[in-house]
Structure formats: C-alpha cells, structure tokens
Amino acid sequence: MNKIDDFGRRHPRLALALTMAVAVVVTLILLGQSQAPVVLYRAF
Amino acid sequence: MYQQIIVSLLLLTTMVGTFGLIDFCAHSRRLASLVDSWDIRRFVENREHMANRGMFLEFEDRLILDEIPHADYARGGVYFFGSSPMKWGLATWALPPDLRRLIGNYGIGASSHELQYAFIRHLVEHENFLKAGGNKTHVMLGLYWSMGQNWKSDSYFKPLWERHGLYTYSDANGIQRIVASPFLIALRYERARCMGFIGSNINRLAHAAVTALGIPLTDTEKIQDTERVRRWAARLSDDGEWRAGLDRQMTALQRLIDYLHQRKVGVTVVLLPERTPFKVLPEPMAYQQAVRDLCEQRAIPLVDLSHLLAEDEFWDINHSNYEGLMKTHAALMSLAADRLANMGVYKGN
C-alpha cells in the first residue's frame, strides 16, 4: 500500500489517469457482465 | 476532503461517460452500416454465415430490442414468422427503405408452433401489431420440419425474452412486459444495447480470428459430402417420440391460424428449403404432410419451396449460403409483393 501511496505522490497525474482507466474497464465489465453467452452455433 | 470529492466526481463522470459513449456507438446508424457491410462481404465471400444481427449479439436481440419497438404497424404489411431457416431466409438489408417498413422478418430460432403462437399473441395483444387492421396485415408462416418438435421454452425462447429484464415468459402466461418505472425500463433498454454493442463486436472479432485460422465455427458448415449430410440429417431428427410432439405442435399451428383468421388476418404457409436427405426421413415427411392436410382443410394458400435450393446452395445442414439466400429471398419477396398489392398497402415502383 505504501508503494502505491509513494507512486501517487510522485506521479499524481499518472495515478489519476490510471484510476480513470480502471473506472472505464470496470464500467465495460459491468455493462457486459449480464451478456448472454456467446452462441457460436445453434442447429435451428 | 476536497480532493477526495473531486476524484469521486471524476470517477463517476468517467463511468457515466463510458456508458454514454458506448450507448452512442450502439445507436450509431453509420457504425451499424459499417459492420453490416463487413458481415455481408464475409457472407458473399463464403467465409462466414450472415447472422443479420447489426449491433446486437443475435438476430433475435435485434428483433426484440430494435425492430419491434420501432415498427410502424399503422400502414399494415407482410410479416414472416418461423424458426432459424426463416430468420436467415430473407435479405432484408437489401430492401429499399419504403418496402423495408412494410416487411418484417420475425423469425426466432429454436422455436415450435406453440412458441410462435405465444409470440404472435404478444405482438397482437401488447404491441398493437394489427393497428392497420387485419385486412392490411398478412402473416407468412415460413415453416420447417423442426417446428413440429416440442422445443422446451427453457432451452432458448424464455431466456431470450428474459435476458435483459424487460419481459417475462411462461408457458401459461406467454410473453409479458416487466412492470417497472419508465426510467428503469429505458435504462435496461440502453444497457441491453450497450451489451449488444460490446458482445457482438467481440464475437465478430472472435469469429474473424477463428475463421482466419481455418477452424470451422460450426459442426456442419460447408458440408457437401452426401453421406455426411445424410448422417447429420438423421441425427437431427432421431427423436423416437416425435409423433406425440408433432400432434401437439400441429394443434398449436391450427390454433395460431384460427387466432389470426378470427382477426381477419390473411395467412400464407410457405415450406422453406431443406436439404435432400430430410425429404426421405419419417419426421420431416410426416410434418410436411400434416401441414399440407391442414392447409387443405382450412383453404390456406401453401407455397412449397422445400425443393428450391440445390445442395451446394446451403451453408450448413439447415441454412442457405449467399446464393441460396438470394433465391429464397426472391421467391419470398415475390409472394410478399403480391400480398402487399392485393391489400392495397404497396403498389411498388
């Protein structure tokens, strides 16, 4: 945790950008989480 | 404290913005047209089957989430119903816009006559399907022998309707809309569109990667070996209990036709193309005979396209390739144009 804090203090903008990127990924996962299974084939 | 609030608001904005951006892309007609062109090109080149799904994971999702909610039933039209050979039997993307508004391809895969009856009742009773009146609406039943089987609703039909939290389905009550606030319903529609955008495009890329490696996507695609086709046909119709299922489904078909006739809706039955080995198997033969008998009893026009395609015009065991689709589409559109003209709904150019 200390290392993350140090990273945030030394590179605040980069840390913020990474946090936002995680937010984007989390949103995409949330949107896709109840997606129906990918159906490759159904005979009829 | 102040910084924490700012960061929290930024996080919220990023998440809402991502949702908004995906939703914008999911609604983009330009992007939909681009992916449709990609899908059509791959289909014409015989590289992949055309699912006709737009920005949705499946054809049926596009139908339920986009086509039906935006349909204008006030002018009447011709609507095709059936299972997957029907949904992939029309090239609706090739229709001019004025005709496209009057033609609906309402095929749903893995469905029986009972499930089709539930679908039509839902359209009539909840979607104002007969807004123009029964005499301005024509139903084309694109039939295939597999519709005479007792498809369990749990296998596909029920999850299809329920997957986005917008409808429920039960064999007793049919398809029902979820009762919820308009905001929640709208949010679920948009979430479903976002899911479709993400899922369909990941699926599209996965298909492209798999086919580029020369790996077939499905078990029966491009099969032409006569013996292999015969074995697959026999395997698909090897249900020893098919007779009871057929009787039940023919009763449902009768009820469906009676339901439409009571509302003055014209009905035409079309037997869709099937591969040669099916023509000598007991179940498909019995199904076709039962359909013929019913049409004769009820004086329903029957058009037999089951012999329309040659073996090399099929993509897989049940569905046509591009050449086959063009032939089926032309035959079905000729029927549709005739019905539209007779109803005075569309005279053509």
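No lab work stands behind these numbers, since they all come straight from the coordinates. Not measured: the values here are computed from a predicted model. Glycine gets a Cβ as well: all are built from the backbone with ideal geometry, and neighbour counts include every protein chain shown.
Some observations on this one:
- Qualifying helices (runs of 4 or more DSSP H) (wholly inside the range B:75-163; at least 2 residues being within 14 Å of chain A (Cβ to nearest Cβ) and free of Cβ contacts under 8 Å to residues at least 60 places away in the same chain): B:157-162
- Tallying residues that are closer than 16 Å to B:Ser111 by Cα and in a loop (DSSP other than H, G, I, E, B) within the range B:164-184 yields 1.
- Screening B:Tyr287 on (1) touching a Pro at 6+ places or on another chain (Cβ under 8 Å); (2) within 17 Å of B:Gln149 (Cβ to Cβ); (3) of a type in the set (Ser, Thr, Tyr) shows it passes everything except condition (1).
- Flag if B:Thr276 is touching a residue at least 40 places away in the same chain (Cβ under 8 Å) and more than 22 Å from the chain's Cα centre (by Cα): yes
- The number of residues in the range B:183-237 that are more than 13 Å from every other protein chain (Cβ to nearest Cβ), surrounded by 14 or more Cβ atoms within 10 Å (Cβ to Cβ) and in contact with a Ser or Thr (Cβ under 9 Å, 6 or more places away or on another chain) comes to 2.
- Given (1) over 24 Å from the mean Cα position of the chain (by Cα); (2) within 14 Å of another protein chain (Cβ to nearest Cβ), index of the condition B:Gly240 fails: (2)
- Scanning the range B:209-225 for residues that are in a helix (DSSP H, G or I) and free of Cβ contacts under 8 Å to residues at least 40 places away in the same chain gives B:Ala209, B:Val210, B:Ala212.
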